[in-house]
C-alpha cells in the first residue's frame, strides 16, 4: 500500500508538530482509497489529551475521533490514519504505539529534533499485531518530491 500525502498537508502536519514540541502532537488523516494507494486529502490537527504524559504519549479523545470521522463521511471520505510526533526520538513506532495501534489505519510518525522537523515515515500494523511494516509515503503537489 502507498500513502499519498499532499505537500500542503505535510506542511500543516509539520507546523502542528513543531508547535506542539517538546510534547507529542497528533491528528487524523482523511482521504480515500484508490486501488493500492491511500490518498490523503485532508489533515485534521487534534489536541493531545495524554495529560501529564504528553511528552512521551499522545491520546486522541473519542469525541475528537468521532467528530473527525463524521466530517469525513459527510464529505464522502474516510479516516485512513493518524499522525503524531516523537520529540527528540526516531520516527519509528514505540512499544506504546504498538499497544495502542488499530488494524487498517496508516500511521505517520515525524521526528521533531530540538524543534526541527526530520523526514516523516509511514507505518501499518502487521496482521499478527507483532509489529509494524513500513508503508511507502509519497508527497505530491507543488514542490513535492517522492519520499520512501
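The values are calculated or read from the model by the stated rules, or taken from the named source; none is laboratory data. Please read these numbers as outputs of a predicted model, since none were measured by experiment. Counting neighbours? That spans all protein chains shown, and the Cβs are built from the backbone with ideal geometry, glycine included.
Descriptive notes on the structure:
- Scan of region 3-22 for residues that are more than 18 Å from residue 58 (Cβ to Cβ) and surrounded by fewer than 17 Cβ atoms within 10 Å (Cβ to Cβ), ordered by number: 7, 8, 11
- Conditions (1) buried (at least 19 other Cβ atoms within 10 Å of the Cβ); (2) without any contact (Cβ under 8 Å) to a residue 40 or more places away in the chain: number failed by residue 70: (1)
- Enumerated strands (runs of 3 or more DSSP E) restricted to region 1-115, each holding at least 2 residues that are over 18 Å from residue 132 (Cα atoms), out of contact with any helix residue (DSSP H, G or I) (no Cβ under 6 Å at 6 or more places or on another chain) and modelled with pLDDT of 95 or more: 2-6, 26-34, 37-46
- In region 75-97, the residues that are at negative phi and in contact (Cβ under 8 Å) with a residue 60 or more places away in the chain form Cβ pairs under 9 Å with partners that are assigned to a helix (DSSP H, G or I) and surrounded by fewer than 16 Cβ atoms within 10 Å (Cβ to Cβ), at six or more places apart or across chains, as follows: 85/18.
- Identity of the residue in region 23-49, in contact (Cβ under 8 Å) with a residue 24 or more places away in the chain and surrounded by fewer than 17 Cβ atoms within 10 Å (Cβ to Cβ), that ends up farthest from the chain's Cα centre (by Cα): 36
- Hits in region 117-134 - residues which are more than 12 Å from the chain's Cα centre (by Cα), in contact (Cβ under 8 Å) with a residue 12 or more places away in the chain and assigned to a strand (DSSP E or B): 117, 125, 132, 134
- Which listed residue is over 17 Å from residue 20 (Cα atoms) and buried (at least 18 other Cβ atoms within 10 Å of the Cβ), from 136, 121, 126: 121
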